[in-house]
Amino acid sequence: MEAKIETYYFAYGHNTEKRTMLQRIPEARLVGTAVLPKHRLVLREFADVVKERKHQNQSDVLGVLWKMPKASLTKLDRIELFYARKLEWVSFQGKRVKAWVYFMNRRTKPNPTRKYVAALKRGYRENRIPQAQLTRKNHLKKRLHHANDVGDGALR
């Protein structure tokens with residue numbers, strides 16, 4: 001019998017929501033909450049993480065660590081069309097773990113939809129990730145205010 005090679009995947013956006021992730025990759029197993037150090041969360045049309053520059057205030061991104069068959073990454077790649085994946089160190093229960101992280105590699109619309117933000121909030125709530133991360137250092141509050149001013153109700 002051939003053993004499945006498994007890998008870790010760090011989710012910080014839509015795939016923090018268990019239902020969504022298991023619809024996409026049914027064989028994935030939730031490991032727990034993890035930290036991607038020295039990165040910050042940025043919300044555009046979709047969530048993204050950006051590596052902090054040395055002169056910037058260092059911050060971390062909280063997310064969800066999943067374990068899945070390595071072969072499932074190909075399926076996830078087809079779903080994550082605006083992203084490229086890269087192996088990064090994440091912290092889980094005080095230990096460093098190598099996990100795949102998706103980084104946006106295409107331009108998208110500047111603001112997320114209400115539906116997308118609601119999915120992020122559900123995933124964060126399920127995994128006890130503070131929702132303050134959704135507004136910290138990514139100017140979401142400013143974007144929400146601007147969207148209301150220009151009549152784009154997507155973020156209300």
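The values are calculated or read from the model by the stated rules, or taken from the named source; none is laboratory data. Note that this is a predicted model, so its numbers are computed, not measured. Positions of Cβ are generated from backbone atoms using ideal geometry, with glycine treated the same way; all protein chains shown enter the neighbour counts.
Specify the residue that is modelled with the lowest pLDDT; the eligible residues are those in region 43-91 that are among the small types (Gly, Ala, Ser) and buried (at least 18 other Cβ atoms within 10 Å of the Cβ). Show your work before the answer.
Narrowing region 43-91 to residues among the small types (Gly, Ala, Ser): 47, 59, 63, 71-72, 84, 91.
Then keep just the ones that are buried (at least 18 other Cβ atoms within 10 Å of the Cβ); that gives 47, 63, 72.
On the way: 47: 82, 63: 96, 72: 94.
Among those residues, the one meeting the criterion is 47.
Only a single criterion out of (1) in a loop (DSSP other than H, G, I, E, B); (2) at pLDDT 85 or above; (3) of a type in the set (Gly, Ala, Ser) is not satisfied by residue 3, namely (2). Scanning region 79-114 for residues that are over 13 Å from residue 42 (Cα atoms), among the hydrophobic types (A, V, I, L, M, F, W, C) and in contact (Cβ under 8 Å) with a residue 40 or more places away in the chain yields 79, 89, 90, 92, 97, 99, 100, 101. Checking each residue in region 120-134 for being of a type in the set (D, E, K, R) and either touching a Pro at 6+ places or on another chain (Cβ under 9 Å) or part of a loop (DSSP other than H, G, I, E, B) (or both) picks out only 128. Is it the case, given these coordinates, that residue 22 is without any contact (Cβ under 8 Å) to a residue 40 or more places away in the chain and not acidic (Asp, Glu)? Yes: the conditions hold for residue 22. Do the conditions hold for residue 106, that is, is it on the phi < 0 side of the Ramachandran plot, assigned to a loop (DSSP other than H, G, I, E, B), at pLDDT below 85 and of a type outside the set (Gly, Ala, Ser)? It is true that residue 106 is on the phi < 0 side of the Ramachandran plot, assigned to a loop (DSSP other than H, G, I, E, B), at pLDDT below 85 and of a type outside the set (Gly, Ala, Ser).
Give 49, 64, 117, 42 a once-over and let me know the one that is closer than 22 Å to residue 130 by Cα and either of a type in the set (Lys, Arg) or in contact with a Ser or Thr (Cβ under 9 Å, 6 or more places away or on another chain) (or both). Full working, then the answer.
Details: 49 fails: either of a type in the set (Lys, Arg) or in contact with a Ser or Thr (Cβ under 9 Å, 6 or more places away or on another chain) (or both); 117 fails: either of a type in the set (Lys, Arg) or in contact with a Ser or Thr (Cβ under 9 Å, 6 or more places away or on another chain) (or both); 42 fails: either of a type in the set (Lys, Arg) or in contact with a Ser or Thr (Cβ under 9 Å, 6 or more places away or on another chain) (or both).
Residue meeting the stated conditions: 64.
Within region 6-39, the set of residues being in a strand (DSSP E or B) and of a type in the set (A, V, I, L, M, F, W, C) comprises 10, 11, 30, 31, 34, 35, 36. Screening residue 29 with (1) within 13 Å of the chain's Cα centre (by Cα); (2) more than 19 Å from residue 125 (Cβ to Cβ); (3) at pLDDT 85 or above; (4) not hydroxyl-bearing (Ser, Thr, Tyr) gives one miss only, at (1). No other residue among 49, 117 is in contact (Cβ under 8 Å) with a residue 12 or more places away in the chain, under 13 Å from the mean Cα position of the chain (by Cα) and part of a strand (DSSP E or B) apart from 49.
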